[in-house]
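**Student:** Got a structure for you, questions after.
Every number in this text was worked out from the coordinates using simple rules, so none of it is lab data. These figures come from a predicted structure and were not determined experimentally. Please note: Cβ atoms are built from the backbone with ideal geometry, for glycine as well, and neighbour counts cover all protein chains shown.
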Amino acid sequence: MSVRVRFAPSPTGALHLGGARTALFNWLFARHHHGKFILRIEDTDRVRSTQEAIQAILKGMEWLGLDWDEGPEVDGPHGPYYQTERLEIYRKHAEQLLKEGKAYICFCTAEELAEKRKQAEARKEAPRYDGQCRKLPQNEIDSLKNSGKPYVIRFLMPPGQKTIVEDLVRGPVEFENDVLDDFVIMKSDGFPTYNFAAVVDDHLMEITHVIRGDDHLSNSPRQILLYQAFGFELPQFAHIPMILGSDKARLSKRHGATSVIEYKTLGYLPEAVFNYIAKLGWGHKDQEIFSRAELIEFFSLEGVTKNPAIFNFEKLNWMNGQYIRATLPERIVDLCEPLLFEAYGKQDLKYLTKVVKLLLDRIKLIPEIVPLTEYFFKDDLVFEEKAVSKYLKTADAPKILTTLKERLAKTEPFVRDEIEKVFKGLVEEMGIKLGALIHPCRAAVSGRTETPPMYDVLEVLGKEKVLKRLQAQITH
C-alpha cells in the first residue's frame with residue numbers, strides 16, 4: 001500500500017502552531033514511507049474563509065519547508081484541491097445517499113431547531129435532532145421544495161449500534177451511535193458540512209491515513225458511518241495530542257505567538273521551529289536536536305504520545321540558539337543586517353559582519369543582536385551603573401586606563417594576538433591580576449560589564465574608537 005496523507009486547513013486565519021504540527025506530522029509520515037503528502041484547502045466556510053488566510057497558510061508551510069506533492073499550485077490527478085471548487089462532487093454523493101435511503105431532506109427551520117434544543121435542555125437531555133422529517137411523504141417533500149422552502153440533507157443514523165475508532169495513537173475508542181443524531185451533510189446553501197466533505201474528499205483522494213489533532217476524535221464515528229454507508233474502504237486514523245501552554249491551558253495567543261509567520265518575525269530559524277514542533281507530542285529516545293533527514297528516518301506514529309504536549313518558550317529559545325550557532329555565519333549576518341541598519345543606519349558591511357560573528361554564541365533570537373551590539377555602532381555610550389561604580393570610579397582606574405591607552409596606541413597590527421600580548425605584558429609589569437585590567441577596559445569601551453572576549457571586541461572596534469573611548473574615561 002502506498003501511503004497517502006493530507007493536511008486540510010480551513011483558511012480562516014494564519015497557519016497556527018497546532019496546524020503546523022499536524023501538517024509536519026503528516027509530512028514526516030509521508031516522507032518516511034516514501035508516500036504522498038496532499039494539501040487540501042477546506043474553504044467552505046463562506047463567512048470566515050479568506051484569500052489572505054490561504055496565502056498566509058501557504059507562506060507558513062513554505063517557510064517551514066513543508067512541500068506538498070498535490071494541492072494548490074501543484075498539479076495532481078485528484079483535484080481540484082479547494083473544496084469550493086468541488087461542490088458538484090458533494091452534491092452527487094449526497095444524492096446517492098438520498099436515493100439509497102441513507103439520507104433524507106429536512107425542512108426544519110433554525111427557529112424550530114432552537115426550540116427543540118431548548119426543550120431537550122429543560123428535560124436535561126443532550127440536544128439532538130428528533131428525526132421529525134425522516135418519514136415525510138414524497139408528495140409533501142415535492143410540494144415544499146416547489147414552494148422554495150429551504151432544506152438541508154441529513155444522514156440517517158443507523159439505530160442501536162456502536163462505532164469503534166481503531167486509533168493508531170490512542171487504541172480502540174468506542175462511541176454509542178444512540179448519542180449521535182441525524183447530522184446535516186448538505187446545508188441549505190448547497191455547501192457540504194465538514195464531516196461529509198472530508199469523507200468524500202479523503203476517499204476520492206485515496207487517503208490511507210488520517211493524521212489530525214485529537215479535537216477531531218469526536219468527528220470520527222460520524223465519518224466512519226459515512227464511509228460504511230458509501231461502501232468506501234476506511235483509512236487508518238491517528239489522533240495526535242493537543243498542545244497546551246505552560247499553564248496547562250490550551251495554547252492560545254495569550255501564551256505568545258501562535259502563527260508560524262510570527263515566529264519568523266520574532267527571530268526564529270525555520271529549522272529550529274521545525275525541530276521543536278516535531279518534538280511536541282513525539283520523541284525518539286532522549287534526542288533533542290534532529291536534522292530534517294533524521295526526523296524523516298525516525299518518525300513513526302508509535303513515537304506519538306497520548307498525553308498533551310506542553311509548549312515551552314524557554315526550550316524553543318534554547319533550541320533556536322543551538323541552530324544559530326550551527327548555521328553558516330553568513331546566513332545569520334544576512335538576517336541581522338536589516339535589523340542593524342534600521343537601528344543604527346547604514347553600516348560598512350565588513351564591519352557589521354565582524355560584529356555579528358562576534359555575538360553569534362550570545363543570541364537565541366535574531367533581534368537580540370540589536371541591543372547586544374549597540375556600543376559597536378554608537379559612540380554615545382550608555383553606561384551600566386555597576387560598570388561605572390565597580391570599575392571606572394576606583395582609585396586605580398585612571399592610571400590603568402592611561403597606561404593601557406599608551407601601549408595600545410603603539411600596537412601594530414591592531415589584532416587580537418597583539419592586543420593580548422599588551423594585556424599580559426601589563427599584568428606582569430604592573431603586578432596586577434588580568435581582571436583588574438580587563439574589567440575597567442571593558443567598561444570604558446562598551447559601558448557594560450559583559451561583552452564577548454575583550455581582545456576580540458577591541459580588534460573589531462578598531463584602534464581609533466578604542467583610544468578615543470579610553471581617553472574619554474581618563475579625562476572624565
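**Student:** In deg cm²/dmol, rounded to 500, what helix-only [θ] at 222 nm does the chain give when every DSSP H run of at least 4 residues adds -39500 (n - 2.57) and the total is split over its residues?
**Tutor:** It lands at -14000 deg cm²/dmol.
**Student:** For region 380-391, just list the computed ³J(HN,Hα) in residue order, Karplus coefficients 6.51, -1.76 and 1.60, θ = phi - 60°, integers in Hz, with x standing in for Gly and Pro.
**Tutor:** Listing the rounded values in order: 7, 6, 9, 8, 5, 4, 5, 4, 6, 5, 8, 10 Hz.
**Student:** Going by alpha carbons, how many degrees (0 to 90, nearest 10) lie between the helix axis of 87-99 and the longest principal axis of the chain?
**Tutor:** With both axes taken from Cα atoms, the answer is about 30 degrees.
**Student:** Follow-up. Which three extents, in angstrom, do the Cα atoms of the chain have along their principal axes, listed largest first?
**Tutor:** So the three principal-axis extents are 109, 47, 38 Å.
**Student:** With the Cα gyration tensor of region 385-474 in hand, convert its eigenvalues to equivalent ellipsoid semi-axes via √(5λ) and list them largest first in whole Å. Intermediate results must be reported in sequence, preceding the final value.
**Tutor:** Working: eigenvalues 64, 43, 29 Å².
Its equivalent ellipsoid spans semi-axes of 18, 15, 12 Å.
**Student:** Quick query: amide H of Thr258 versus all other amide H atoms, modeled in the peptide plane; which residues come in under 5 Å with a sequence gap of 5 or more or a different chain?
**Tutor:** Under 5 Å from the amide H of Thr258: no residue qualifies.
**Student:** Take His439, His239 and order them by how many other Cβ atoms sit within 10 Å, fewest up front.
**Tutor:** His439, His239
**Student:** In addition: For helix 463-474, what angle does its Cα long axis make with the longest principal axis of the chain, in degrees from 0 to 90 and rounded to 10?
**Tutor:** The two axes meet at around 70 degrees.
**Student:** Consider all pairwise Cα distances in region 10-122 and report the whole-number % of them above 25 Å.
**Tutor:** 44 percent
**Student:** When a/c reaches 1.5 or more, the comparison of a/b and b/c decides; with that in mind, is region 328-373 rounded, prolate or oblate per its Cα gyration tensor? Write out the running numbers ahead of the final one.
**Tutor:** On the way: a/c = 1.58, a/b = 1.20, b/c = 1.32.
Oblate, because a/c is 1.5 or more while a/b does not exceed b/c.
**Student:** Quick one: of Lys59/Lys264; Lys264/Lys346; Lys92/Lys187; Lys264/Lys285; Lys424/Lys468, which pairs are farther than 20 Å apart, Cα to Cα?
**Tutor:** Check vs 20 Å cut-off fails for Lys264/Lys346; Lys264/Lys285; Lys424/Lys468.
**Student:** What's the exposure ranking of Tyr351, Tyr263, Tyr104, going from fewest to most Cβ atoms within 10 Å? Write down the numbers at each step before the final one.
**Tutor:** Numbers: Tyr351 14, Tyr263 26, Tyr104 20.
Sorted ascending by nearby Cβ count, the order is Tyr351, Tyr104, Tyr263.
**Student:** How far is the Cα center of region 94-120 from the Cα center of region 326-357, in Å?
**Tutor:** Cα centroid of region 94-120 versus Cα centroid of region 326-357: 63 Å apart.
**Student:** Angle check, please: helix 220-230 long axis (alpha carbons) against the longest principal axis of the chain (alpha carbons), in degrees 0 to 90, nearest 10.
**Tutor:** 50 degrees
**Student:** Across all directions of projection, what mean area in square nanometres is found for the Cα convex hull of region 43-188?
**Tutor:** 13.2 nm²
**Student:** Okay, moving on. Give the order of Cys441, Cys108, Cys133 when sorted by the count of other beta carbons within 10 angstrom, beginning with the fewest.
**Tutor:** Going from least to most buried by this count: Cys108, Cys133, Cys441.
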